[in-house]
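Input: a single structure, listed below in structure tokens.
The values are calculated or read from the model by the stated rules, or taken from the named source; none is laboratory data. Just so it is clear, the model here is predicted, and its values are computed rather than measured. Quick reminder, even Gly has a Cβ in these numbers, built from the backbone with ideal geometry, and neighbours come from all protein chains shown. For accessibility, only protein heavy atoms count, side chains too; no ligands or nucleic acids. Shrake-Rupley method; radii C 1.70, N 1.55, O 1.52, S 1.80 Å.
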Amino acid sequence: MKILFLNGPNLNLLGQREPGIYGSATLADIEKKVRDRAKKLKVEIEFRQSNWEGELVDWIQQAREGFDVVVLNAGAYTHTSIALRDAISATKVPTIEVHLSNVHAREEFRHKSFIAPVCVGQICGFGPNSYIVALEAAVNING
Ligand code: DQA
């Protein structure tokens, strides 16, 4: 099994960015945590980040070739992007929405996710562990 982890805008700044909300772990720290667990679960992962909406669209489209599941932290594009939503529904690769923070406990504009209706499910609020929960969900996606 091969799982593609995609991270959207500003997630490259984790560690420095609003640590009260996002904590002190960098994206590299999170990647390491995910890699360690993936190794134990004997699944392959790829981990990418982009600040560009179009690049995330390209990667979701490319996931059709060789990936079984996408885990997507779309950052702020979650709340704005019909293009990401359309890419997910067009490609039909099962996609899990993930967030570090509990978006539902934050500003009202974060309560709306354009991608949630086309994702298998949403995981949020567990900090870096949201990614581990998402990995476990991905591994067990077919029951
Ligand atoms: C986030 C939540 C989004 O609302 C925000 O725009 C982010 C990070 C999270 O992981 O908690 O950039 O996706």
Expected single match for within 19 Å of Thr78 (Cβ to Cβ), part of a loop (DSSP other than H, G, I, E, B) and either within 16 Å of the ligand (Cβ to nearest atom) or touching a Phe, Trp or Tyr at 6+ places or on another chain (Cβ under 7 Å) (or both) among Asn51, Asn12 is Asn51
Per the filter on the stretch 78-95, residues over 23 Å from Val34 (Cα atoms) and away from the ligand (no atom under 14 Å from the Cβ) are Ile82, Ala83, Arg85, Asp86, Ala87, Ser89, Ala90, Thr91, Lys92
If we keep only residues of the stretch 15-30 that are open to solvent by 70 Å² or more (accessible area, probe 1.4 Å) and within 11 Å of the ligand (Cβ to nearest atom), then the residue nearest to Glu136 (Cα to Cα) is Ile21
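Please tell me if Val133 is within 22 Å of Thr26 (Cβ to Cβ) and either at pLDDT 95 or above or assigned to a helix (DSSP H, G or I) (or both). Break it down into steps so the answer makes sense when it comes.
Working: within 22 Å of Thr26 (Cβ to Cβ): yes; either at pLDDT 95 or above or assigned to a helix (DSSP H, G or I) (or both): yes.
Taking the combined requirement at face value, the residue satisfies it.
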If you go through Lys42, Lys33, the only one that is on the phi > 0 side of the Ramachandran plot and open to solvent by 70 Å² or more (accessible area, probe 1.4 Å) is Lys42
Do we have any residue at all in the stretch 56-69 that's at pLDDT 95 or above and in contact with a Pro (Cβ under 8 Å, 6 or more places away or on another chain)? yes
The number of residues in the stretch 54-77 that are more than 16 Å from the ligand (Cβ to nearest atom), in a helix (DSSP H, G or I) and among the small types (Gly, Ala, Ser) is 1
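Table: residues versus (1) aliphatic (A, V, I, L, M); (2) more than 24 Å from Val133 (Cβ to Cβ); (3) under 11 Å from the mean Cα position of the chain (by Cα).
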position	(1), (2), (3)
Glu55	no, yes, no
Ala63	yes, no, no
Asp86	no, yes, no
Glu97	no, no, yes
Leu100	yes, no, yes
Only unsatisfied item for Phe126, checking (1) of a type outside the set (Val, Ile, Thr); (2) within 12 Å of the ligand (Cβ to nearest atom); (3) part of a helix (DSSP H, G or I), is (3)
Counting only residues in the stretch 103-114 that are within 19 Å of Gly23 (Cβ to Cβ) and more than 14 Å from the chain's Cα centre (by Cα), the one nearest to the ligand (Cβ to nearest atom) is identified as Arg110
By residue number, the members of the stretch 106-143 that are polar (S, T, N, Q), open to solvent by 20 Å² or more (accessible area, probe 1.4 Å) and touching a strand residue (DSSP E or B) at 6+ places or on another chain (Cβ under 6 Å) are Gln122
**Q.** Residue check, Val98 open to solvent by less than 10 Å² (accessible area, probe 1.4 Å), near the ligand (Cβ under 9 Å from one of its atoms) and not in a helix (DSSP H, G or I)
**A.** yes
Taking the stretch 82-95 and keeping only residues that are of a type in the set (Lys, Arg) and surrounded by 14 or more Cβ atoms within 10 Å (Cβ to Cβ), one is left with Arg85
